[in-house]
Amino acid sequence: MFKVQGAAHLSAPDSDQPAYRSPGLQLIFKRINNGDKINILDFGSPLANNVEFFSSYPCRLYIADWLQSLPLSDGCWAESPAFSPLFPELLSFDTKEQFDVILGWDIINYFDEDDIRRFSRFIAPYTKPDALCFFSVITQKNMAMQPAKYRIMAEDSLHCEQYDCDECPSPRFTQSRLLELMKEFQAHRSFLLQNGRQEQILRIR
């Protein structure tokens with residue numbers, strides 16, 4: 001049975017930005033298709049077509065919607081938002097809940113290093129031992145000041161919609177640096193894409 005917690009927003013994709021193949025997402029759906037009912041925590045924008053896509057799978061989907069909930073500065077993301085004390089307030093699920101899949105998308109690109117450490121410590125207790133965590137790390141020098149929206153087109157295909165706004169320096173986290181910050185996790189797989197992103201799939205230690 002499919003169940004979703006969190007509101008979904010109706011929105012049409014931006015046709016100027018084509019879909020791209022995502023080997024990281026394909027790996028996530030391999031985990032989803034293993035036959036057991038799973039819990040998914042999605043930190044991305046609550047897009048109605050993503051909810052509809054997951055509805056054909058045996059899963060419970062939780063939408064955290066952090067991209068819309070964290071502090072903004074002048075309509076864009078603050079350069080160093082001190083939002084880590086808000087972590088518990090922004091997650092409304094049962095504290096005993098355990099997740100099989102965490103979709104972080106590019107949210108960690110907008111965390112400073114201290115908040116990445118806090119985020120890792122905070123989310124680890126909610127993660128099952130065989131869970132997979134998906135992150136899309138920006139490898140280009142600059143990035144948009146607001147995170148992108150990720151629309152699932154197929155099990156191996158994503159449509160990334162970027163806001164037209166000012167840019168700021170990208171942290172360009174390497175895998176080794178990310179793992180130094182997220183000590184509760186270990187590397188599982190990584191995929192360097194041609195669109196200026198590297199997909200990182202992590203597992204709990």
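The values are calculated or read from the model by the stated rules, or taken from the named source; none is laboratory data. Just so it is clear, the structure is predicted and the values come from calculations on it, not from any experiment. Every residue, glycine among them, receives a Cβ derived from its backbone with ideal geometry; neighbour counts consider all protein chains shown.
Do any residues in region 94-106 that are among the aliphatic types (A, V, I, L, M) have Cβ atoms under 8 Å from those of residues that are surrounded by 21 or more Cβ atoms within 10 Å (Cβ to Cβ) and in a loop (DSSP other than H, G, I, E, B), where the two are at least six apart or on different chains, and which pairs are they?
Hits for this filter: ILE102/PHE43; LEU103/PHE43; LEU103/GLY44.
Can you name every residue in region 194-205 that is of a type outside the set (Asp, Glu), buried (at least 16 other Cβ atoms within 10 Å of the Cβ) and in contact with a helix residue (DSSP H, G or I) (Cβ under 9 Å, 6 or more places away or on another chain)?
Matches in region 194-205: GLN198, GLN200, ILE201, LEU202, ILE204.
Scan region 114-140 and report the pairs whose first residue is touching a residue at least 24 places away in the same chain (Cβ under 8 Å) and over 17 Å from PRO171 (Cα atoms) and whose second residue is among the basic types (Lys, Arg) and assigned to a helix (DSSP H, G or I), with Cβ atoms within less than 7 Å and a gap of 6+ or a chain change.
Filtered contacts from region 114-140: LEU132/ARG31.
Suppose the filter is part of a helix (DSSP H, G or I) and not basic (Lys, Arg); does PHE134 pass it?
Numbers: part of a helix (DSSP H, G or I): no; not basic (Lys, Arg): yes.
Against the criterion (part of a helix (DSSP H, G or I) and not basic (Lys, Arg)), PHE134 does not qualify.
Scan region 151-192 residue by residue and report those that are at pLDDT 95 or above, part of a loop (DSSP other than H, G, I, E, B) and touching a strand residue (DSSP E or B) at 6+ places or on another chain (Cβ under 9 Å).
Matches in region 151-192: ASP156, MET182, GLU184.
Do the conditions hold for ALA124, that is, is it assigned to a strand (DSSP E or B) and over 17 Å from ASN195 (Cβ atoms)? Give the derivation first.
Values: assigned to a strand (DSSP E or B): no; over 17 Å from ASN195 (Cβ atoms): yes.
No; evaluated as a whole, the condition is false for this residue.
Okay, residues lined up against (1) surrounded by fewer than 20 Cβ atoms within 10 Å (Cβ to Cβ); (2) over 14 Å from PHE185 (Cα atoms):
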position: GLN98; (1), (2): yes, yes
position: ASN109; (1), (2): no, yes
position: ASP114; (1), (2): yes, yes
position: PHE122; (1), (2): yes, no
position: PRO129; (1), (2): yes, no
position: PRO147; (1), (2): no, yes
position: TYR150; (1), (2): no, yes
position: GLU167; (1), (2): yes, yes
position: THR174; (1), (2): yes, yes
